[in-house]
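Asker: Handing you this structure, nothing more for now.
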Amino acid sequence: MEQIHVTIKLFAHFRNGRFKEANHPFAPGVDCRQIILGLGLGLGEVGIVMVNGQHASLDQRLKEQDTLALFPLVGGG
Amino acid sequence: MDKILRVNLNDLTTRVEEVPSEWAGLGGRALTSTIVAKEVPPTCHALGPNNKLVFAPGLLSGTASSNSGRLSAGAKSPLTGGIKESNVGGTAAQMFARLRIHALIIEGMPKGDGWYSLRINKEGVSIQEETGLLGLGNFAVIDALQSLLGKKTGVIVIGPVGEMRLSSANISVKDPSGKIRSHGRGGLGAVMGSKRIKFISIDDEGAPGIQIADPEKFKAASRVFTKALMDHPVSGQGLPTYGTNVLVNILHEAGGLPTRNFTYGQFDGHEQICGETMHDTIVARGGKPRHGCHAGCVIQCSQVYNDKDGQYLTSGFEYETIWGLGANCLIKELDDIAQADSVMDDLGIDSIETAVAFGVAMEAGLLPWGDGKEVVRILRDEIGKGTALGRVIGSGAGAVGRTYGVTRVPVVKNQAIPAYDPRSVKGIGITYCTSPMGADHTAGYTIATNILNVGGQVDPLKKDGQIELSRNLQIATAAIDSTGMCIFIAFPALDIPECLPALIDMINARFGASLTGDDVVNLGKTILKTERAFNLAAGLTAADDRLPEFFKSDPVAPHQAVWDFTNEEIDAFWDF
């Protein structure tokens, strides 16, 4: 089965020991939860999940050339 | 016994008054807005003798409670023409509270051209003629007063922009490091300048201090409250590490980072100005990523930012300033923005209003997009010296737009819209429209729920739920602004069930009161309605509760979002 490619962007301390931005291949049908766990992140650590600039659920499946952005729970104002 | 200090500049007299019973249970914004609504004729000229400038510490200021050191300032705003409250950290609120000063009311206007200063101590307040420190920047005034009166002196001061009575002038308050924090928005520094008060010094030697009605109950509630602040990931970890500037990348990703004077929702230079880059830069240059704006702050979202030689450049370097000169003016050099921040602090000018004014000025062709060096030059040589161009820019985004015929002018009630695009983060657009303060993100910070997933989730791109979200947050914020608490306690308060009851318990233990959650909500509603009634009496109408036309006609990339609320939908905000 052909793989899909997803751009993953990490922010704040998620970058420590990982990366800012990377394009990774995944099996078709991969969802946000699987990618998060695959990065060694706990689901409770993740505050904001965005796919293509819109908030997404952990169950959302990724498509070819999607961008997944992961933020810890942070804020400002 | 708590007291009201009243300064009458018409005849240069001062009085110490008893606190009227109807003001006794009020603090902070509740008190400044109540006093302004009662004593200031709404149609008066904001820079005339009938306006009054009121300072009040919060209900919990001066206690051992975490994050309770905010001071409110209120008056009719020369920028919006409506009522204004702006609150600030620094050392003054706690000194006022220890001196048992419930509020300071400055009224009237001196005859002649002379300038004055006020001195506050345990005896009350006195008026002195002032000549030596006129024209100086805020940092020089604070240094001079510390030499003269000692390191511990409290200082409330206006810079040259306040002396010129420009509508972006702020009022600055000395912080625990001898630097400043500011009552930023709405031109309150111009009101202080119109009364020809250059500074207020505070000496709390021999102050009677705070009396807590039930110290044991207070201590217990305070412990629960502080734990909630430390346990929440935003107030306990996120803000201390990255400061508010962590928002650059979040808003960029969400398409809500206003770019090139609100033309786009994303900025290609975001990585150069973001909180992550700023954190690494601060650490590499030996600055401080954590710094509190007042004693007792456990969140410490501020920082000390050094230049490339490791020398102090600025502190209190906030997301809104960095966004405003960064994405909004296309400046990619964080050092230039930090330099501008420091000059704005010294001149005493609101960094949000001024950054947005520069965006409009760039749109008008007055200076090139992205030219940070020219921004710093204009700040120093035009605004700082009061040239005609400087006075136009120093009068705010609306003034620049009117003077140069620009139509893309992001203001509500003539106050500049801050760092969140209301087309792609719709809840904050409702706050901008309806807040009696004019466009002000802090008045009802829907970003928490629209973007940060704090206090639930409301889709930022849809209209559903935004009115109710903004209304609930504005009511809660009005109440929190009355306690002396930093607004960032709202993050744990929205998510941790013990937090808000502990805050109410502290107020009850402090005053021997028995307020309930409903009482606090009703306080928030009463404040908002009092402020709105002032605005309507001042001549503002529902037509002032609107976003500029371009937000409806010009879609913002990447979501191609437009502002699509009807007037009737917006006006329903006030159905409470």
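The values are calculated or read from the model by the stated rules, or taken from the named source; none is laboratory data. Computed from a predicted structure; not experimentally measured. Cβ coordinates were reconstructed from backbone atoms using ideal geometry, including for glycine residues, and neighbour counts include every protein chain displayed.
Asker: Given the criteria more than 11 Å from every other protein chain (Cβ to nearest Cβ), in a helix (DSSP H, G or I), under 25 Å from the mean Cα position of the chain (by Cα) and surrounded by fewer than 24 Cβ atoms within 10 Å (Cβ to Cβ), does B:MET278 qualify?
Answerer: In short, no.
Asker: Let me ask another. Suppose we filter B:LYS413, B:LYS373 for residues that are away from chain A (no Cβ under 14 Å) and over 28 Å from B:ALA476 (Cβ atoms); which single one remains?
Answerer: Sole residue among the options that is away from chain A (no Cβ under 14 Å) and over 28 Å from B:ALA476 (Cβ atoms): B:LYS373.
Asker: Can you work out which of the residues in segment B:54-102 that are surrounded by 24 or more Cβ atoms within 10 Å (Cβ to Cβ) and of a type in the set (Lys, Arg) is farthest from B:VAL224 (Cα to Cα)?
Answerer: Residue satisfying both the conditions and the ranking: B:LYS76.
Asker: Quick one: which of B:VAL406, B:VAL454, B:VAL392 is within 11 Å of another protein chain (Cβ to nearest Cβ) and of a type in the set (Val, Ile, Thr)?
Answerer: Step by step, each of B:VAL406, B:VAL454, B:VAL392 is checked, and only B:VAL454 is within 11 Å of another protein chain (Cβ to nearest Cβ) and of a type in the set (Val, Ile, Thr).
Asker: Assuming B:ASN328 fulfils every condition listed in (1) closer than 27 Å to B:LYS227 by Cβ; (2) crowded, with 24+ Cβ neighbours inside 10 Å apart from one, which condition is it?
Answerer: Tallying (1) closer than 27 Å to B:LYS227 by Cβ; (2) crowded, with 24+ Cβ neighbours inside 10 Å, B:ASN328 fails exactly one: (1).
Asker: Name the residue that is farthest from the other protein chains (Cβ to nearest Cβ), counting only residues in segment B:437-451 that are in a loop (DSSP other than H, G, I, E, B) and more than 14 Å from the chain's Cα centre (by Cα).
Answerer: Checked segment B:437-451; the qualifying residue farthest from the other protein chains (Cβ to nearest Cβ) is B:THR446.
Asker: Moving on to the next point. Going through segment B:145-162 one residue at a time, which ones are buried (at least 23 other Cβ atoms within 10 Å of the Cβ), of a type outside the set (Gly, Ala, Ser) and touching a Lys or Arg at 6+ places or on another chain (Cβ under 9 Å)?
Answerer: B:VAL155, B:ILE156, B:VAL157, B:ILE158, B:PRO160
Asker: Please give the number of the condition B:LEU239 fails out of (1) within 28 Å of B:ILE507 (Cα to Cα); (2) of a type outside the set (S, T, N, Q); (3) within 13 Å of chain A (Cβ to nearest Cβ); (4) over 26 Å from the mean Cα position of the chain (by Cα).
Answerer: The single condition B:LEU239 does not satisfy is (4).
Asker: Regarding B:GLY398, is this residue in contact with a Gly (Cβ under 8 Å, 6 or more places away or on another chain) and either assigned by TED's automatic domain parsing to the domain that holds B:GLY74 or part of a helix (DSSP H, G or I) (or both)?
Answerer: When the stated conditions are applied, B:GLY398 does not pass them.
Asker: Right, next: Here is a list of conditions, (1) in contact with a Phe, Trp or Tyr (Cβ under 7 Å, 6 or more places away or on another chain); (2) part of a loop (DSSP other than H, G, I, E, B), and B:GLY206 meets all of them except one; can you say which number that is?
Answerer: (1)
Asker: Which of the residues spanning segment A:55-75 are surrounded by 16 or more Cβ atoms within 10 Å (Cβ to Cβ) and not small (Gly, Ala, Ser)?
Answerer: Of everything in segment A:55-75, those that are surrounded by 16 or more Cβ atoms within 10 Å (Cβ to Cβ) and not small (Gly, Ala, Ser) turn out to be A:HIS55, A:GLN60, A:LEU62, A:ASP66, A:THR67, A:LEU68, A:LEU70, A:PHE71, A:PRO72, A:LEU73, A:VAL74.
Asker: Go through segment B:517-535 residue by residue and tally those that are over 15 Å from B:ILE475 (Cα atoms) and free of Cβ contacts under 8 Å to residues at least 60 places away in the same chain.
Answerer: 0
Asker: Give me a count of the residues in segment A:35-54 that are at the interface with another protein chain (Cβ under 10 Å from one of its Cβ atoms), within 22 Å of B:GLY456 (Cβ to Cβ) and within 11 Å of the chain's Cα centre (by Cα).
Answerer: 4
Asker: Shifting gears a bit: Return yes or no: is B:SER182 surrounded by fewer than 24 Cβ atoms within 10 Å (Cβ to Cβ), modelled with pLDDT of 95 or more and hydroxyl-bearing (Ser, Thr, Tyr)?
Answerer: It is false that B:SER182 is surrounded by fewer than 24 Cβ atoms within 10 Å (Cβ to Cβ), modelled with pLDDT of 95 or more and hydroxyl-bearing (Ser, Thr, Tyr).
Asker: Tell me which of these B:SER342 doesn't satisfy, since it passes every other one: (1) within 25 Å of B:TYR264 (Cα to Cα); (2) of a type in the set (S, T, N, Q); (3) within 22 Å of the chain's Cα centre (by Cα).
Answerer: Tallying (1) within 25 Å of B:TYR264 (Cα to Cα); (2) of a type in the set (S, T, N, Q); (3) within 22 Å of the chain's Cα centre (by Cα), B:SER342 fails exactly one: (1).
Asker: A further question on this structure: Can you find, within segment A:55-77, the residue that is farthest from the other protein chains (Cβ to nearest Cβ) among those that are in contact with a Phe, Trp or Tyr (Cβ under 8 Å, 6 or more places away or on another chain) and without any contact (Cβ under 8 Å) to a residue 60 or more places away in the chain?
Answerer: A:LEU62
Asker: Quick check on my filter: what residues within segment B:242-265 are assigned to a loop (DSSP other than H, G, I, E, B), polar (S, T, N, Q) and facing chain A (nearest Cβ under 8 Å)?
Answerer: Of everything in segment B:242-265, nothing turns out to be assigned to a loop (DSSP other than H, G, I, E, B), polar (S, T, N, Q) and facing chain A (nearest Cβ under 8 Å).
Asker: With respect to B:ARG165, is the statement that it is outside any helix (DSSP H, G or I) and surrounded by fewer than 24 Cβ atoms within 10 Å (Cβ to Cβ) true?
Answerer: Criteria met by B:ARG165.
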